[in-house]
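Visitor: Structure in structure tokens, see below.
The values are calculated or read from the model by the stated rules, or taken from the named source; none is laboratory data. Predicted model, so just to flag it, every value in this text is computed and none were measured. Cβ placement follows ideal geometry from the backbone for every residue including glycine, while neighbour counts extend to all protein chains displayed.
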Amino acid sequence: MGKRIIQQARGHGGPVYRVRRKAFSIKPSYLKDLSGEFTVVKLILSAGHSAPIAKFQSGNTIFYNLAANGLYEGQKIKINGSENGDITELKNLKNGTFVFNIENRSKDGGKFIRTGGNSGIILNQGPGYVGVKMPSKQEKKFNPECRATIGIIAGDGRHEKPIVKAGKNFYIKGAKSKLWPRTSAVKMNAIDHPFGSGRGKRIKSKICKTNSPPGAKVGLLRPRRTGRRKK
């Protein structure tokens, strides 16, 4: 008797395939109304994020943001400032400034450049926009009133330390609800996956029909091209 293939099992949900709420209990983002000066109360190591998270407080107002490289507990950051870790609108920044956690729309809390070690660079300013060079090397235009944090996100060296044991990688992936280890589809039995069975890696067609049912909708979905690209 067959069983649900991985795609179906993950879609159905369950403790193995569901994100643990504890790993994402802290959501780093800007409050809609920020002004004045805040103090870094605590630096938090979150299993669900690739960068440490900083807790900021001013009186009874508390919010969380991704920590800038070099940020320390007790440091003061300013809203609309110009130093490392300060939060300001893009229109106030000079060309060549490193920024991260940029808002897509004004006061949405921050959507772009949020992974450890990444940053964008202010390229130019024009009528109604600010051009930012993204980590992908592409330029993206933002509303000048969108906010961002000055600096580079901390956690750049997370890939330098070797994992050493497979068990450690298992728990790292589990914290982010990533399926690991992942079994190759062609190594499964025919009853467990559409690519299953066959000798070695004699893969059947990976091109999936648009109207395939969920259990068979695997592989390449409406690809523009197939095969190895000739140089």
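Visitor: Looking only at the stretch 183-198, which residues are at negative phi, in a loop (DSSP other than H, G, I, E, B) and surrounded by fewer than 18 Cβ atoms within 10 Å (Cβ to Cβ)?
Guide: Step one: filter the stretch 183-198 for residues at negative phi, giving 183-196.
Now drop any that are not in a loop (DSSP other than H, G, I, E, B), which leaves 183-184, 188-196.
THR183, SER184, MET188, ASN189, ALA190, ILE191, ASP192, GLY196 - these are the residues of the stretch 183-198 that are at negative phi, in a loop (DSSP other than H, G, I, E, B) and surrounded by fewer than 18 Cβ atoms within 10 Å (Cβ to Cβ).
Visitor: Next question. Six or more apart or on different chains, Cβ atoms under 7 Å: show the pairs whose first residue is in the stretch 106-118 and farther than 19 Å from LEU34 by Cα and assigned by TED's automatic domain parsing to the domain that holds LEU45 and whose second is among the basic types (Lys, Arg) and surrounded by fewer than 18 Cβ atoms within 10 Å (Cβ to Cβ).
Guide: Final answer for the pair search is GLY116/ARG158.
Visitor: Give me the pairs: first residue in the stretch 66-92 and on the phi < 0 side of the Ramachandran plot and buried (at least 20 other Cβ atoms within 10 Å of the Cβ), second residue part of a loop (DSSP other than H, G, I, E, B) and among the aromatic types (Phe, Trp, Tyr), beta-carbon distance under 9 Å, and six or more apart or on different chains, which are they?
Guide: From residues that are on the phi < 0 side of the Ramachandran plot and buried (at least 20 other Cβ atoms within 10 Å of the Cβ), the pairs are ILE87/TYR30.
Visitor: If you go through the stretch 144-170 one residue at a time, how many are closer than 21 Å to ASN118 by Cβ and of a type outside the set (Val, Ile, Thr)?
Guide: 12
Visitor: Would you be able to say whether some residue in the stretch 47-57 is of a type in the set (A, V, I, L, M), surrounded by fewer than 19 Cβ atoms within 10 Å (Cβ to Cβ) and more than 11 Å from ALA148 (Cα to Cα)?
Guide: Just the residues of the stretch 47-57 that are of a type in the set (A, V, I, L, M), to begin with: 47, 51, 53-54.
Imposing the further condition that a residue be surrounded by fewer than 19 Cβ atoms within 10 Å (Cβ to Cβ) reduces the set to 47.
Right, trim to more than 11 Å from ALA148 (Cα to Cα) and you get 47.
Yes, the stretch 47-57 contains at least one residue that is of a type in the set (A, V, I, L, M), surrounded by fewer than 19 Cβ atoms within 10 Å (Cβ to Cβ) and more than 11 Å from ALA148 (Cα to Cα).
Visitor: Let me ask another. Quick one: how many residues across the stretch 57-96 are hydroxyl-bearing (Ser, Thr, Tyr), farther than 17 Å from LEU45 by Cα and part of a strand (DSSP E or B)? Even if it seems obvious, please write down each step before you answer.
Guide: As a first pass, look at the stretch 57-96 and keep what is hydroxyl-bearing (Ser, Thr, Tyr): 58, 61, 64, 72, 82, 88.
From what's left, farther than 17 Å from LEU45 by Cα: 58, 61, 82, 88.
Applying the additional criterion that residues be part of a strand (DSSP E or B) yields 58, 61, 88.
So the answer is 3.
Visitor: How many residues does the stretch 94-109 hold that are within 20 Å of LEU71 (Cβ to Cβ) and modelled with pLDDT under 95?
Guide: Residues meeting the conditions: 1.
Visitor: Right, here's the next one. Do you know which residues across the stretch 166-184 are polar (S, T, N, Q) and within 26 Å of PRO194 (Cα to Cα)? I'd like the intermediate steps shown before the answer.
Guide: Residues of the stretch 166-184 that are polar (S, T, N, Q), as a first pass: 169, 177, 183-184.
Scanning the stretch 166-184 gives SER177, THR183, SER184.
Visitor: Read through the list (1) surrounded by 14 or more Cβ atoms within 10 Å (Cβ to Cβ); (2) farther than 28 Å from PRO181 by Cα; (3) polar (S, T, N, Q); (4) in contact (Cβ under 8 Å) with a residue 24 or more places away in the chain, then give the number of the only condition that SER35 fails.
Guide: If we test SER35 against (1) surrounded by 14 or more Cβ atoms within 10 Å (Cβ to Cβ); (2) farther than 28 Å from PRO181 by Cα; (3) polar (S, T, N, Q); (4) in contact (Cβ under 8 Å) with a residue 24 or more places away in the chain, just (1) comes out false.
Visitor: If you don't mind, another one. Within the stretch 27-48, is there a residue that is out of contact with any Phe, Trp or Tyr (no Cβ under 8 Å at 6 or more places or on another chain) and assigned to a helix (DSSP H, G or I)?
Guide: Looking for residues that are out of contact with any Phe, Trp or Tyr (no Cβ under 8 Å at 6 or more places or on another chain) and assigned to a helix (DSSP H, G or I), one finds none in the stretch 27-48, hence no.
Visitor: Among residues belonging to the stretch 124-182 that are of a type in the set (A, V, I, L, M) and assigned to a loop (DSSP other than H, G, I, E, B), point out the one that is surrounded by the most Cβ atoms within 10 Å (Cβ to Cβ). Working first, answer last.
Guide: To start, the set of residues in the stretch 124-182 that are of a type in the set (A, V, I, L, M) comprises 130, 132, 134, 148, 150, 152-154, 163-164, 166, 172, 175, 179.
Then keep just the ones that are assigned to a loop (DSSP other than H, G, I, E, B); that gives 134, 152, 154, 163-164, 179.
Working: MET134: 15, ILE152: 20, ALA154: 22, ILE163: 11, VAL164: 8, LEU179: 13.
Only one residue fits best here, namely ALA154.
Visitor: Mind checking which residues of the stretch 61-83 are acidic (Asp, Glu) and under 16 Å from ASN101 (Cα atoms)? First the steps, then the outcome.
Guide: Of all residues in the stretch 61-83, those acidic (Asp, Glu) come to 73, 83.
Matches in the stretch 61-83: GLU83 only.
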